[in-house]
Amino acid sequence: MKAHVNTVMLHLVFFRNRLINSLRMFSFWRFFILIMLFSVCSLIICNYITIQSTQSFIYNQSQIIPYNKVALLPGTSHSLGRGIANPFFENRMDAAWQLYASGKISYIVVSGDNRTLSYNEPAQMRAALVKRGVPDSVIISDYAGLRTLDSVLRCRDIFGQTNFTIISQQFQNERALFIAQHHNINAIAFNAKDVTAEQGLKTSLREYFARVKMFVDLYITNQQPHHSGCQIAIGS
């Protein structure tokens, strides 16, 4: 009789433990699903708000874009490695030259990453623009444009511009304009030619997460540029 009772007790403990584990697994998966849903909704909402808030300030034709004295040209590497030119870089340089040649801008702030001696985006952009025919005297280098937020805010704080034209591909123009609007900067943007879907797939996917990070930077952490500095007058 005692052995039978012990057997029953063991079965009860076994089923109790299975029930507890099942509940734990259910709670884990429910939590996981909620996190995934929240993440997907955040990606969609941040992307939608960014596009809707900026589409009226983006231009595709140099003939109709308003004049601004200064253009902001955000940086990217000129090469993809192994001697392959970066189409994002080349198309941005072409767009900047197009606006300058059309008389829609007078100066260009090339703002990019120069964290190491061997990597200098502003120098690469300056060389590419001069090669296309932009006078070296109208190009101003910002070596602390570590990311889009830094470039936009430094164009205001360091170079004294509250009205300027951003030149990049549409995905970055939208994000840069949203940052500018949040900080009461009157910016417009000119779209450089985009790349093929295959070439831009990785960048397009990463952009969704960059927009969520942007909302965190602007509305939660109030992120500021990594580097400050003395003001530099343009065209004075």
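Values for this structure:
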read-out: Centroid-to-centroid separation of the range 179-224 and the range 113-160 [C-alpha atoms, Å]; value: 18
read-out: Amide H within-cut-off set for Tyr59, under 5 Å, with H built and near neighbours excluded; value: Ala189, Phe190, Asn191
read-out: Kirkwood Rh (inverse of mean 1/r, distinct Cα pairs), the range 135-236, angstrom; value: 14.7
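Here, each number is a calculation from the coordinates, and none is a lab measurement. Values in this document were obtained by computation on a predicted structure and should not be read as measured data.
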